[in-house]
Structures are given as structure tokens and as C-alpha cells.
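Let me begin by presenting the structure, written as C-alpha cells, before commenting on it.
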Amino acid sequence: MKDCISKELFERAVQVMPGGVNSPVRAFKAVGGNPLFINRADASRIYDADGNEYIDYVYSWGPLILGHNNSAIREAVTKVAQNGMSFGAPTEAEIKLAEKIISFAPGVEMVRMVNSGTEAVMSAIRLARAYTGRPKVVKFEGCYHGHSDSMLAEGGDTLIAFYNDLTVVEELLKKKDVACVIVEPVTANMGVVLPKEGFLSGLKELCKIYGTLLIFDEVITGFRLGKGGAQEYFGVQADLVTYGKIIGGGMPVGAYGGKKEIMELIAPSGPVYQAGTLSGNPIAMAAGLAQLEALENPDVYSHINKMGEKLARGLSSIVQNSGLKACVNRIGSIACLFFGIENAYDCKSAKKANTKLYASYFHGMLNKGIYLAPSQFEALFISCTHTENEIDQTLDKAEQVIISILQS
Ligand code: PMP
């Protein structure tokens, strides 16, 4: 694998951007080495500045469920770009995307578009505080909800509970000063960790008892676990839902939504101020709408789920046959191979994973043309464009890499 051009670019990048990147995980710090600079991508393949080609399992960290450079999205964006980039005034495209999201998402009657998942979460929390008149927020250790102050803090008004454990949540809610409980219904930021039976419905029940709002952060799971996201998959309806990634088809979009009664507190219909110069940008709306329209075809989900199952099953049997201690967590088209542990059900169990082994696996796979997330604690994403043959190739390579790790 050649990487001199990426190396040169990274040397330039670190001079002008902190750590050489605009989002930390891209810098490969968790696995060592230099990040690859990408020139272009198509379907399931990405191509770096050195001319290497990879089968991608990152897909811009999840939004590209239809694969890279999808023609419907590209055409929609190119068409609206002829009319201007942004007007700072309403457009019909915003209504169309909002209508589409509402038609897919259970219990969502109104949405507000923003520009990222971070913004969606930050705004939903402000709304929950205003609606309940309470200051505190409960989040779960290891869940990521963007980089707003309250979601990176521990202590003060941010209270920490443990994923898949309702006892601490109940203790925290009893004081009746908690505005909302926010959770990734399936976590993707401590690796992929699935909710145990009864966890999400238990949260819903507790929130109801103590007058707290439940926020599902569906930035990863929304429109990925199915059209109705985690709410539909697990049959649990949240009070507010946050979205990002997929609803922008690769453009910077986020949204939050819920019942009219709550959403109408947002300005200008209510007193909760939240705004955005580029929110509802016509190009981003066109990309999002083209993507969600494509997701109306149920074949999308049957394909990605089938490929996800094939990959996860294959990886599990490779690690089992090799005698390596590892486990695979998967749901639908997201998965994670944890090295050095037998199961991951919360942050503490996940964080026992062997990150050095993951780094060796990551580099081994990269050298063989497979682009995985440069961190043990991120998800692997499947898109519509992955073929059975590519999954087989990936499994072959994974087996070779794991054998060579065991021999070293
Ligand atoms: N919530 C979740 C569950 C996420 O995974 C992320 C980002 N990966 C965010 C919020 C923040 O989204 P953004 O990076 O668009 O700000």
C-alpha cells in the first residue's frame, strides 16, 4: 500500500488544523499511523490520494446507506445547485423532507432541521428543560451525543447512568429534577452494544412515572434499523428523537422532532430560542429527500441486513475457529468486532476490549484493501452497494489477518 502522498498531505494539514483534521477520530490516533486522504468514492469503494482502492465500511460514519456517490442523490443536488446555494428563507424542500421524516418516524409530528447531530441533541435538551421546567439530564456512560458542553460533562446538571441498567436511572429520576433521559437506543460509540430486553421499555416506563422526557438519539439508528429507526424496531416511542447523518444523504443535516405539544415550544411558535443561518439549506434538503425516497424500497433494508448478518456470522466463526478471544455485536447493518472480550453489554465491559489487537487488525485489513473505522469503539456500516462477493472477500481477508496476528 503506497501512502507517500497521504503522508505529505498530513504533514501540511497538522500545520494549519489542530491534529491535522476537522474531527478527531479521523486522525488514526487510536490505531496509530497516518490518516489516508481520500480523493473520491463510488458505490462501496473509496480511493485515496495515493491511488489505493478500498472496500469501505465507514461510509462517512454512517450517512451513506445507499453507498458512495449515489446517482439519485448526486442528480438531486446538482439540479438544485443550479438555482442557488442558500436563501435564508423558506423553501418547499424543507416541507418535503419534514413530511417524509414524519411519515417514517413513529410519534414524530413536527421536526426542526439543524446542521448536525450535535446541534439536534443540544436543541432537544434545551427543549426538554423548557417543557419540564427542570434542569438535569441523565445520560449513559459511553454513549456519545455530540460535543455540546452538557453532553461531554459529567457532574453538574449532567448525571451519568449505566447502559442496560435501570437501577441507577430510577435513583436519579426519583428526585424529580431531571428534564430528560437521553440514550443511544443501540450504542455505536463504545462499539456496537445492543439494549437488553426490557431496557428501552423500562426507561420509557420510568420516565413516565417521574415526569421526565425520554430522548432517543437516533443519529446512528434512525432510518438505518428500518424506516422507523429504533423506535419502530424495539416498539418503544420516545418523547423526542434526534436525527443526523442519514437524513442528509452525506450533506450536513440534523433534525429533532416529537409531538406538536412539545415542539411548538420552539421559537417562533414558542419561547425556546433555536436558530440556524444554513438550517434547511436547499442542497442538503434535496440530498436528504432523495435518500429517504430511496429508503421507501424495502429491498434496501433486506439487502443491508442480509449482508450485515453474513459478515457478522462469518467474523464470529473466524474468531471461534482461530481460538482468538473476541466477540461480534451486530444489529441490522451495523456491527462491531471486539477483540479480547467475550461480550460487551455496557461501557465497562466494552472498554475492556484489547485496542492494541484492534489496531493490528485495522492495519492488516487496510493493507489488504479494507477500510474499517480507525477505532475499536466505532461501528462498522454496511451499505446497499456491498455485494455478497465483497463480503466474502472481506471475510477471507479478515481470516488471513487474524491468523497472522495470532502467529506474530
Ligand atoms: N449522536 C450520536 C449517537 C452520534 O453517533 C453522533 C456522531 N457520530 C452525534 C450524536 C453527533 O453528530 P454530529 O457528528 O453530526 O454532530
The listed residue being free of Cβ contacts under 8 Å to residues at least 12 places away in the same chain, hydroxyl-bearing (Ser, Thr, Tyr) and under 30 Å from residue 302 (Cα atoms), out of 47, 57: 47
The residue from 105, 93 that alone is in the same structural domain as residue 148 (by TED's automatic domain parsing), within 16 Å of the ligand (Cβ to nearest atom) and open to solvent by less than 50 Å² (accessible area, probe 1.4 Å) is 105
Going by the conditions given, is residue 169 surrounded by 18 or more Cβ atoms within 10 Å (Cβ to Cβ), within 30 Å of residue 308 (Cβ to Cβ), touching a helix residue (DSSP H, G or I) at 6+ places or on another chain (Cβ under 7 Å) and not assigned by TED's automatic domain parsing to the domain that holds residue 351? yes
Which condition breaks for residue 305 when tested against (1) surrounded by 19 or more Cβ atoms within 10 Å (Cβ to Cβ); (2) under 19 Å from residue 391 (Cβ atoms)? (1)
Could we say that residue 334 is farther than 27 Å from residue 64 by Cα and hydrophobic (A, V, I, L, M, F, W, C) here? no
Members of the stretch 122-152 found to be charged (D, E, K, R) and touching a helix residue (DSSP H, G or I) at 6+ places or on another chain (Cβ under 6 Å), listed by number: 141
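The values are calculated or read from the model by the stated rules, or taken from the named source; none is laboratory data. These numbers come from a predicted model, not from an experiment. Don't worry about glycine lacking a Cβ; one is built from the backbone with ideal geometry, like all the others, and counts go over all protein chains shown. SASA here: full protein model, heavy atoms, side chains in, ligands and nucleic acids out. Shrake-Rupley method; radii C 1.70, N 1.55, O 1.52, S 1.80 Å.
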